[in-house]
């Protein structure tokens with residue numbers, strides 16, 4: 001990836017800011033002038049990964065567009081916790097319509113801006129994994145296919161959290177949800193189903209597709225900024241742990257996202273016109289158990305009699321990602 | 001009031017919703033004690049001076065350093081830097097080269113001519129310091145900074161004590177020592193040379209001093225009885241090293257045997273090599289693991305061709321040879337004679353068996369107690385006689401320069417309190433920033449910078465300094481490897497990672513604060529703080 005590498009041995013390039021860096025080299029989030037697009041007082045749970053991911057992404061997009069940004073939002077946690085009538089946490093033009101039509105609403109806004117000759121005003125659409133991979137998939141596929149000038153951001157917390165943790169097509173195998181209980185011969189969600197949304201987006205050969213997590217702010221900001229420099233349909237898939245739905249400690253949100261990338265189960269990469277152009281390398285590889293164990297939704301895999309077969313299958317998924325996206329450099 | 005269809009309320013901000021009421025624990029910024037600071041015998045605030053060095057402000061770094069220790073250039077050369085052994089970075093890759101950065105700062109101060117800040121307003125109190133060694137000069141410096149009038153009385157002709165008469169030039173060049181002592185003299189400290197204090201109470205009385213700090217060191221070589229022929233040449237390490245400072249260098253001959261296993265034994269053997277001895281052999285009665293000398297010094301000596309005879313004692317010394325007896329360790333680890341003898345050729349034998357304190361000046365001082373040859377002091381470095389304090393090698397402690405400097409500082413602060421009639425202030429130590437408090441993910445991997453080491457041939461034949469210093473880029477690199485354990489270095493992580501924007505950034509140098517109206521107490525800021533400078537405390541409900 002074309003990121004400027006700034007070597008700072010005290011903090012690496014991994015912290016949000018750094019007093020030793022020039023202000024223009026610091027992240028958007030390090031700046032006191034950041035937009036705080038999703039402001040305080042929202043009703044997300046303690047340690048919400050989606051609230052964090054949304055502020056990271058939209059603040060970066062606001063900076064890239066000099067504040068000329070409109071957001072369309074699907075139904076879901078993000079919409080519910082940010083806008084209980086008549087309050088809003090959004091410090092930007094923002095609209096919610098339905099669960100499934102966000103991409104279409106955004107397309108309409110983009111079309112209106114084109115008609116009005118406002119090429120400076122840009123549009124983002126955002127939703128959770130349910131609104132993206134299940135309910136809004138048709139509209140989103142159409143938006144991709146028409147190459148509408150919209151950045152669609154999916155905040156993936158791997159289930160319908162807002163309505164009480166039901167399975168979505170982004171829920172990982174073996175995970176417990178309200179609709180995939182850990183009972184029977186194959187407890188938790190089934191293997192072999194679900195949708196790989198970044199790959200589906202790439203199959204549309206749109207100009208830009210990327211994945212990111214709340215554990216790597218600089219990478220996330222880089223990708224949003226890059227996406228805003230491109231016209232046409234773009235898709236960013238952001239991995240956002242959910243303490244409530246995953247049964248994890250609220251302080252572990254970023255740690256879990258980090259373990260997901262360091263185990264390989266969530267590959268961080270970017271692609272242009274359907275081809276992978278870069279991936280974030282694993283710095284300190286961890287076995288999949290390190291990622292699974294802090295989450296109660298995988299608790300049935302452990303305990304006195306660990307389900308080694310299922311764990312091995314999940315490890316195999318991580319290993320496949322590592323090979324597929326080149327997450328570990330070959331031995332030099 | 002005209003509103004669109006179905007709208008009955010004005011648009012409001014979520015700021016009206018104070019989510020802070022959800023919280024059952026709150027984050028609090030803390031300063032934890034970095035392990036290096038905790039370890040430093042001189043009580044240096046290492047993390048704090050590295051913080052300034054990281055931004056390239058070397059003068060500020062040096063000024064922070066000399067708040068605790070007036071000898072950075074000396075420390076950078078002779079300190080055994082146990083701080084680096086404690087450094088948390090050692091568990092990530094390699095410890096921060098604290099000692100080499102200190103070396104750089106000390107040299108930079110000398111070349112830039114930085115001076116100490118002028119002393120505080122005069123207190124009108126007079127303090128006598130006996131001995132111009134590391135401990136005495138450290139005390140004199142701190143006392144002078146506090147506004148006291150300090151006179152140092154030194155029995156010898158030059159300042160430095162064991163730093164001059166015990167540590168060879170190849171470890172501590174004398175111009176470095178002189179430069180750092182001169183800076184203390186410039187502060188207004190009077191040093192009277194060739195002035196041996198015969199009776200401390202008389203000197204205190206006649207000079208009108210309000211308090212005394214004793215720091216005469218330990219300069220009397222311990223002897224061991226070795227049957228020796230008339231022509232055998234048996235010397236002691238203290239006088240050999242001392243005579244290196246004079247005009248006439250000691251005549252040790254071609255084959256030199258050094259008896260003992262401490263750092264002094266190593267210093268003598270390496271000195272003998274440099275004086276032209278073809279063989280320098282250390283005879284030590286135990287094994288390398290049991291040797292009190294520091295391992296790196298043993299290693300450097302071996303590199304220079306010094307030989308060491310383990311598990312051996314000297315039974316007899318003759319004109320050109322000695323007899324040694326082999327020893328074996330018993331089950332308790334003590335060496336026991338075996339009855340096996342061996343002859344070694346030797347032109348001279350140097351005894352390096354430790355040193356005693358010359359206690360003549362305190363004879364008859366009421367209340368003052370001596371135990372095991374050293375002066376007993378309380379936790380504020382005061383002897384049993386009110387107003388007489390002591391430190392350095394003459395009190396019970398590990399004997400090295402850094403410990404002595406630490407004694408000087410501690411005594412000076414307590415003398416100051418005592419002179420003002422204050423109770424000694426118990427310093428509250430912060431909780432230690434142990435490795436488990438850190439989130440080392442945020443630090444990138446970077447290996448330690450190695451200081452240049454003088455070419456082996458020049459080391460065997462000259463007294464040039466063995467270990468060089470870092471240049472500016474290396475020193476900066478090294479300083480920036482500091483993890484800043486337990487103390488905020490303004491990385492903005494807490495400010496960035498809060499899902500509720502509940503962290504307020506106060507600006508450079510001012511740190512951060514929490515907006516408790518909105519903080520939900522999730523604890524992400526604590527988990528993601530790289531250096532462990534935030535902790536959660538339960539709310540009182």
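No lab work stands behind these numbers, since they all come straight from the coordinates. Everything numeric in this text was worked out from a predicted model, so none of it was measured. FYI the Cβ positions are ideal-geometry reconstructions off the backbone, even for glycines, and counts take in every protein chain you see.
Descriptive notes on the structure:
- Virtual paramagnetic centre 7 Å along Cα→Cβ of residue A:273, amide N under 16 Å, in segment A:227-259: A:230-234
- Considering only A:59, A:148, A:24, the Gaussian network model of chain A with Cα springs below 10 Å gives its largest mean-square fluctuation to A:24.
- Among B:402, B:427, B:434, A:132, sorting on how many other beta-carbon atoms sit within 10 Å of each Cβ, with the fewest leading, yields B:427, B:434, B:402, A:132.
- Antiparallel %, DSSP beta bridges [both residues in segment A:22-325], to 5: 25
- Pairwise Cα separations in segment B:432-474 fall into 10 Å bins from 0 onward with the following percentages, short to long: 21, 27, 24, 17, 11.
- With one equal scatterer per alpha carbon and no solvent term, the Debye-computed log10 I(q)/I(0) for the protein assembly as shown at 0.07, 0.09 1/Å reads -0.71, -0.94.
- Antiparallel DSSP beta bridges within segment A:209-332, percent to nearest 5: 55
- Residue of A:224, A:286, A:105 that the Gaussian network model of chain A assigns the largest fluctuation, springs spanning Cα pairs under 10 Å: A:286
- Relative to its residue count, segment A:1-152 spans a Cα convex hull of 144 Å³ per residue.
- Rg over Rh for segment B:364-506 works out to 1.14, using Cα positions for both radii and the Kirkwood form for Rh.
- Alpha carbon Rg of segment B:83-167, scaled by the compact-globule rule 2.2 N^0.38 Å: 1.45
- log10 of Debye I(q)/I(0), alpha-carbon scatterers only, for segment A:66-155 at 0.15, 0.18 Å⁻¹: -0.52, -0.74
- For segment B:28-131, relative contact order (Cα pairs under 8 Å, six or more residues apart, normalised by length) works out to 25 percent.
- Radius ratio Rg over Rh of segment B:1-121, counting only Cα atoms, Kirkwood formula for Rh: 1.40
- Mean sequence separation of contacting Cα pairs (under 8 Å, at least six apart), scaled by the length of chain A, corresponds to a relative contact order of 15 percent.
- Here segment B:314-391 was treated as a single set of alpha-carbon atoms; its pair distances binned every 10 Å from 0 give 15, 26, 17, 20, 20, 2 percent.
- In chain B, Cα pairs under 8 Å separated by at least six residues give a relative contact order of 22 percent.
- Exposure proxy for B:114, B:62, A:246: other Cβ atoms within 10 Å of each Cβ, ordered fewest to most, give B:114, B:62, A:246.
- Within a Gaussian network of chain A (alpha carbon springs, distance under 10 Å), most fluctuating of A:249, A:74, A:60: A:249
- Counting beta carbons within 10 Å around each of B:307, A:92, B:394, A:202 and listing the fewest first gives the order B:307, A:92, A:202, B:394.
- Taking the DSSP beta bridges with both ends in the protein assembly as shown, the antiparallel portion is around 40 percent.
- Stokes-Einstein translational diffusion, segment A:22-325 - Kirkwood Rh over all Cα pairs, 1.567 mPa s, 4 °C, in µm²/s: 67
- Share of Cα-Cα pairs in segment B:470-541 lying beyond 20 Å, as whole percent: 39
- Values of log10 I(q)/I(0), in the order q = 0.07, 0.09, 0.13 Å⁻¹, for chain B under a Debye, Cα-only, solvent-free model: -0.50, -0.77, -1.31
- Principal-axis analysis of the Cα atoms of chain A puts helix A:137-146 at an angle of about 50° to the longest axis.
- Gap separating the Cα centres of segment A:27-98 and segment B:431-487, nearest whole Å: 44
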